[in-house]
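J.: What follows is a structure written as structure tokens; I'll ask about it next.
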Amino acid sequence: MRDPYERVIHFNQSRDERFLAIKYKLMASSAFRFFRGSCHLYYEDLASQQTWKDQTITWICGDLHVENFGSYRSRHQVVYFDLNDFDEAILAHPTWDVSRFICSIFLAGKELNIGDDDLKTIAAQLLDEYLNALRIGKAYAVEKETVDGILKKYIATVSERDPVAFIEARCSLDKTSDRRYLVIDQKKYFKIKSKSLYTALIKTFSENLQKLNTKNQSNFQVLDVAVRIAGTGSIGLNRYVFLVYDRENKTYTLFDMKQAQASSLSLSPFLKIEQPEWDDQAQRIQFIQTLMQYQIPAQLSRLDFQGQAYIVKALQPEQDKIDFKQCVDKPKKFTDACYNMARLIAYAQLRSAGRKGSSTADELINFAEQAELWKTQLLKYTYNYAQQVEQDYQSFCKSYAEYRTEQKTVMSKALHKPE
């Protein structure tokens, strides 16, 4: 079935309907945003259309694109730039991550007014950068001391950002009780209407903090919780933000708690690689993220709530991603912004090599050395698929607009129906 609208609706049918309208509106805003919100479509199509052979096995992010790299602080408060989304992570083939990343280069680059010829050159350069990093066989980290250009400035800016200002922008102070609460803006944060759910979340999260901080259990006070909306693909999953006060250090921290579901890659029969057995999906995400990242984000953990597994981590500012707007009409600047991303893909695959079924580092090096057998096919496929995404996006927008018109008509008739 080619109809992208029906495929997207079918895939999201189990999500929270209250927020799906937000997801679909975002997906209708651009072809690249549509691509970000429909990871499952990419792999469903790749299953029947892949034109190259790849027998190597590695851990992959699954939903890799230029916006799924970003900065974060480790538990040592050092700022790193790395892959930062592992909801779809799974044991698969290395070219799957690379091809999706390259496809995102074509889509994001088009939005930046970069021409096809330049984008084809950039894609080839980034693929070579990835392969060269694999051939070296050593997993490095990307830090401000080891990079230059746009990425160096970006990491430096993030390192100097005031965490207090970040918290205060999302909280309000009740002067009567001298207590802080989350600001419910109805855009990113939404009120939890059920008192029983609100109370249960506060209780469960407090208990989780005590387990993680056994030496100072009484130091942490969970002040508030709200529903949180972020990203594109994950919208509609249960997701919450917690405001926590550290009595000892007199500091506030925001925590993100996101429902963990099975990787969409595992839901289709095309994935033939046997996967490890997980206690739950949060264990899968945490394990793979720990393998692939040089350092994990501060407070990364998992918990169970009402029969669902969740991933927990300290909330990072959403603006801690590269602002690609400064690359408009500037292919060289766009290349400079992305070439470390290509290296990071290789580093993550090398770092996780030989673990729970993945190929060894030597096998990854051999895979890179044999790239002439498949790289031309991969580049051609990703360019052509980017054109397919553009068509799917237009089709999705048309169907979504028709649906919204129908809904407005139904509501109008209901409002004017005589009693």
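Throughout, read-outs are computed from the coordinates displayed, never taken from laboratory work. What you are looking at is a predicted structure, and each value in this text was computed from that prediction instead of being measured. Methodologically, a virtual Cβ is constructed for each residue, glycine included, from the backbone with ideal geometry; neighbour enumeration extends over all protein chains shown.
J.: List residues of segment 374-398, by number, whose backbone nitrogen lies under 18 Å from a label position 7 Å along Cα→C-beta of residue 363.
T.: Residues passing the 18 Å test: none.
J.: Additional query: Once you sort the root eigenvalues of the Cα gyration tensor of segment 237-387 as a ≥ b ≥ c, which label holds: rounded (a/c under 1.5), prolate (a/b larger than b/c) or oblate (the other case)? Show your work: numbers first, answer last.
T.: Values: a/c = 1.97, a/b = 1.34, b/c = 1.47.
Judged from the Cα gyration tensor, segment 237-387 comes out oblate (a/c at least 1.5, b/c at or above a/b).
J.: Within a 10 angstrom radius of the beta carbon, how do 339, 198 rank from fewest other beta carbons to most?
T.: 198, 339
J.: Using Cα-only point scatterers and the Debye equation, what is log10 of I(q)/I(0) for segment 331-389 at each q in 0.22 Å⁻¹, rounded to two decimals?
T.: Here the Debye-derived log intensity ratios amount to -1.05.
J.: Now a separate question. What's the long-distance tail for segment 17-85, i.e. % of Cα pairs beyond 18 Å? Intermediate results must be reported in sequence, preceding the final value.
T.: Working: 1384 of 2346 pairs.
Percent of Cα pairs beyond 18 Å in segment 17-85: 59.
J.: For segment 229-279 and segment 1-75, compute the distance between their C-alpha centroids and round to whole Å.
T.: Segment 229-279 and segment 1-75 have Cα centres separated by 16 Å.
J.: Would you work out the charge dipole size for segment 51-177 about its Cα centre, treating the Cβ of every Lys and Arg as +1 and the Cβ of every Asp and Glu as -1, and quote it to the nearest 20 debye? Spell out each step's value before the answer.
T.: Values: 14 positive and 21 negative charges, 64 e Å.
So the magnitude is around 300 debye.
J.: Let me ask something else. Given 37 °C and 0.692 mPa s, compute D for segment 263-319 with the Stokes-Einstein relation, Rh being the Kirkwood radius over Cα pairs; round to the nearest whole µm²/s.
T.: Details: Rh = 13.2 Å.
Roughly 248 µm²/s, to the nearest whole number.
J.: In addition: Can I get the semi-axes of segment 8-137's equivalent ellipsoid? Compute them from the C-alpha gyration tensor as square roots of 5 times the eigenvalues, in angstrom, largest first. Mind dumping the intermediate values first?
T.: Working: eigenvalues 122, 79, 65 Å².
Taking √(5λ) for each eigenvalue gives 25, 20, 18 Å, largest first.
J.: Of 206, 294, 283, which is farthest along the charge dipole of segment 160-313 in the positive direction, counting Lys and Arg as +1 and Asp and Glu as -1 at C-beta?
T.: 206
J.: Where Lys and Arg each count +1 and Asp and Glu each count -1, what net charge lies around residue 281 among other residues with Cβ under 13 Å from its Cβ? Don't skip to the end; give the middle numbers.
T.: Numbers: positive: 258, 284, 302; negative: 87, 88, 277, 279, 280, 304.
With Lys, Arg at +1 and Asp, Glu at -1, the net is -3.
J.: Among 234, 263, 29, what is the fewest-to-most ranking by other Cβ atoms within 10 Å?
T.: 29, 234, 263
J.: Å³ per residue of the Cα convex hull, for segment 54-126?
T.: Working: hull volume 8.3 nm³, N = 73.
About 113 Å³ per residue, rounded to a whole number.
J.: For a test of the definition: using alpha carbon positions, the gyration tensor, and the 1.5 limit on a/c, classify the chain as rounded, prolate or oblate. Please report the intermediate quantities before stating the final value.
T.: On the way: a/c = 1.61, a/b = 1.20, b/c = 1.34.
In terms of gyration-tensor shape, oblate.
J.: Tell me, rounded to the nearest percent, the portion of alpha carbon pairs in segment 150-211 spaced more than 15 Å apart. The partial results should precede the final answer.
T.: Details: 1357 of 1891 pairs.
Above the 15 Å cut-off, segment 150-211 has 72 percent of its Cα pairs.
J.: Given +1 on the Cβ of Lys and Arg, -1 on the Cβ of Asp and Glu, and no further charges, what dipole in debye does segment 260-352 carry about its Cα centre, rounded to the nearest 20?
T.: Values: 11 positive and 10 negative charges, 96 e Å.
So the magnitude is around 460 debye.
J.: Can you tell me the Rg and the Dmax, both Å, for the Cα atoms in segment 107-184?
T.: 21.2, 62
J.: For segment 319-359, what is the Kirkwood estimate of the hydrodynamic radius, computed as the reciprocal of the mean inverse distance between distinct Cα atoms, to one decimal in Å?
T.: Numbers: mean 1/r = 0.0819 Å⁻¹.
The Cα-based Kirkwood calculation yields 12.2 Å.
J.: For segment 170-315, report the % of Cα-Cα distances exceeding 28 Å.
T.: 24 percent
J.: Still on this structure, please answer the following. How big is the gap, in Å, between the Cα center of segment 85-107 and the Cα center of segment 115-192?
T.: Cα centres, segment 85-107 to segment 115-192: 19 Å.
J.: If r is the Cβ-Cβ distance from residue 380 to residue 161 and R0 is 45 Å, what FRET efficiency results, to the nearest 0.05?
T.: Details: r = 41 Å, r/R0 = 0.92.
E(calc), rounded to 0.05, equals 0.65.
J.: Here is a follow-up. Fewest Cβ neighbours within 10 Å first, please rank 290, 232 accordingly. List each step's numbers first, then the result.
T.: Working: 290 14, 232 20.
Fewest-to-most Cβ neighbours within 10 Å comes out as 290, 232.
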